[in-house]
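Engineer: Got a structure here, written out as structure tokens. Questions coming.
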Amino acid sequence: MSLRKLICPYDPSLIGDFCNREIAVQVDSPSLVCEAAGAVVNSANSLLCVILDSVDPVCAVSFEDQWKGIPILLMAPSVGEFRNVASVLPSLKKLNLRVCLPASNDNIRDVRILSSVGVHCSIMFEGGNVDWDALSDLMTYALLARVFHATIDPFDYISRHYNSLTHLNWGGAFLDDPEKYFHLDKEKNVALSSSEALAKQFIGRIDDVEKTESPEVQRRCDAWSLNFLENRVCATCDGFKLCMGRFLPKNGKADGCSAFFSEMIEIFGDLKAVKEKSSKEEVWRL
Amino acid sequence: MANILLTSKCTRSCPYCFAEREMTDSPDEVMSWENLVYLADFLAASGEKSVSLLGGEPTLHPHFVDYVLYLVERNFNVNVFTNGIMSPSRLTELKDYLGALSADRLRFVCNLNNPRQTEEPESQTKKIHEFLSAMGSWTQPGFNIYRVDFDLEFIFEFVQRYGMKRRLRLGLAHPVPGTSSMHIKPQEMGEVIERLFSYRPLLERFQLDFGPDCGFPICKFTDEQLGWLYRSGGGDLRFECNSAIDITPDMSVYACFPLSKLYRKSIFEFDNIGQIAEFYSGIHKKIRKEVPGIYPECDGCIQMSKGICSGGGSCQLVNRFTDEDIVRLSGN
């Protein structure tokens, strides 16, 4: 079993208990970013990133010059007015930082704005009230825009890992992939996603979970296959290869999600064709 | 240069407004963030370095300050065509958020009406003074000539008092084909130019140079006047019908307000500004095939054939057609 990367709350003693692990450390205050990064770097582990959970919008976060070089994932509820963002942009753009926002309509719009001015972003969408049309516009922008803009995850992540021959669990773009990440609390209890960690839905302590591959982990990793075993509507959807049934609508009908993921697959097909065409040798070479 | 129209609302009703019909007929819509980002990309991909924000009155847009800051962040130089009439809170926003921008990156062109000739409520005049008092050094005076006895004197006082940029944007009020908006007729051009040059001593004393906007025919200037214009304008002297591309909140495009009802397109039909300019250049050529210029002598004029003068604005030419002809030109 491969060693998972760990997402832990900031607790020096917890971090100190691990060795040779890649750790993403969570803090809820900007003042703790450097300290938390230092705690991981100075332990026997390596730093994946610092996750700064902010209750304030991006424009209200006080970005510090000392954060330079520290990989930071800023989880914020919203961006704030551009007039206020503009004043923090010079500091923000110097950092190794990605802004992660939930997929409300305002945030979908603001992610495009931030990306267009050079700030790397992620938009987190789950089932429920996703505006698939707005998200589809953002995806098209992320993948096909003609002018430079910063990356937008999960679209950038998917484009880098997409393989037309197999399915892709792109939850990794948000550190939500049980094959790669474990989310811990201070007592070393393991959750398989950030939302489950938040809801305290743990599958056991890390020592136990890692002793042998936990059946729960395996069940989660193979959850996509239930779509076929239970003959769900997603199993016959054109977008399944990317969606893997994670947006199964409650009414059993695939609405916007199907068109969204099918379009994305189509775009990747087009991009691949363009790439192959452009990489063909036009003149013979030795 | 592209003009982005942020809103169709305006706080003024100038007697010569050549945008009035377009603004009245437009849906009550404002430029959205999504469209603005699209346009910034579109213009950047077209190699544009500057962008103008117009309306209606662009400062009425609820996100006006944000949009200016955004476009500056996208490395555009931003020109704002305003009447200077805005609420105290909007003016405070301008001071607070745009006051740090360099005057090279942001420029206002404030369209001024002479209060003695164009009736305006005193409250509006007061607001213009407040705007210039706050943003004068970012602002270039603009004046539209819609009557032959126009009076420019008040502008010198404004420039002096508020430290405005010393270049006057002088426009001709253009006819809107099919309407009766006040404008300068071809036969009045000579008189207008004479009156304009009667201000030469004042222009020199206040070191205020001016560039004639589109529609002035070169043949109505004397060689001496042309020489003076050339010198004072730093050699930038054109007598073309420069059809700037206007982009509306609903992403329609057309080439200048007076012609907004003819050959209106969607920006999504084009890949870049060059294509749009080429399309409308073709339309203008088509118009000029019907009527070469505003005077009979434009036909065969050497200045026209050299491309130095366009023989007045296309809007003047279209205005000479009958209503039936306009329908024919619109391609409907």
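Engineer: Quick check on B:Asp96: is it within 13 Å of chain A (Cβ to nearest Cβ) and open to solvent by 20 Å² or more (accessible area, probe 1.4 Å)?
Structural biologist: The answer is yes for B:Asp96.
Engineer: Kindly establish whether A:Phe202 is in a loop (DSSP other than H, G, I, E, B), open to solvent by 50 Å² or more (accessible area, probe 1.4 Å) and within 14 Å of another protein chain (Cβ to nearest Cβ).
Structural biologist: So A:Phe202 fails the test.
Engineer: Being in contact (Cβ under 8 Å) with a residue 60 or more places away in the chain and among the aromatic types (Phe, Trp, Tyr) is the filter here, so list the residues in the range A:105-162 that pass it.
Structural biologist: Selection gives A:Trp132, A:Phe155, A:Tyr162.
Engineer: Might you check whether a residue that is surrounded by 13 or more Cβ atoms within 10 Å (Cβ to Cβ) and either at pLDDT 85 or above or on the phi > 0 side of the Ramachandran plot (or both) occurs anywhere in the range B:316-327?
Structural biologist: no
Engineer: Here's a follow-up. Restricting to the range A:81-111, count the residues that are closer than 27 Å to A:Gln66 by Cβ and away from chain B (no Cβ under 14 Å).
Structural biologist: So the count comes out to 8.
Engineer: Next question, about the same structure. Could you list, in sequence order, all residues of the range A:112-126 that are facing chain B (nearest Cβ under 8 Å), open to solvent by less than 30 Å² (accessible area, probe 1.4 Å) and in a helix (DSSP H, G or I)?
Structural biologist: If the condition is that a residue be facing chain B (nearest Cβ under 8 Å), open to solvent by less than 30 Å² (accessible area, probe 1.4 Å) and in a helix (DSSP H, G or I), then A:Ile113, A:Ser116 are the ones that fit.
Engineer: Within the range A:132-145, how many residues turn out to be at the interface with another protein chain (Cβ under 10 Å from one of its Cβ atoms) and open to solvent by 40 Å² or more (accessible area, probe 1.4 Å)?
Structural biologist: Qualifying residue count for the region: 1.
Engineer: Still on this structure: List the number of the failed condition for A:Asn129; all other conditions in (1) buried (at least 17 other Cβ atoms within 10 Å of the Cβ); (2) away from every other protein chain (no Cβ under 14 Å); (3) not in a strand (DSSP E or B) hold.
Structural biologist: Of everything listed in (1) buried (at least 17 other Cβ atoms within 10 Å of the Cβ); (2) away from every other protein chain (no Cβ under 14 Å); (3) not in a strand (DSSP E or B), A:Asn129 misses just condition (1).
Engineer: From the residues in the range B:47-90 that are within 14 Å of chain A (Cβ to nearest Cβ) and at positive phi, which one is surrounded by the fewest Cβ atoms within 10 Å (Cβ to Cβ)?
Structural biologist: So the residue we want is B:Gly47.
Engineer: Only residues that are over 19 Å from A:Ser31 (Cβ atoms) and among the small types (Gly, Ala, Ser): list them for the range A:41-100, please.
Structural biologist: Selection gives A:Ser43, A:Ala44, A:Ser46, A:Ser78, A:Gly80, A:Ala86, A:Ser87.
The values are calculated or read from the model by the stated rules, or taken from the named source; none is laboratory data. Keep in mind that what you see is a predicted model, and the values were worked out from it rather than measured. Counting neighbours? That spans all protein chains shown, and the Cβs are built from the backbone with ideal geometry, glycine included. Protein only, heavy atoms only, side chains kept; ligands, DNA and RNA dropped before computing areas. Shrake-Rupley method; radii C 1.70, N 1.55, O 1.52, S 1.80 Å.
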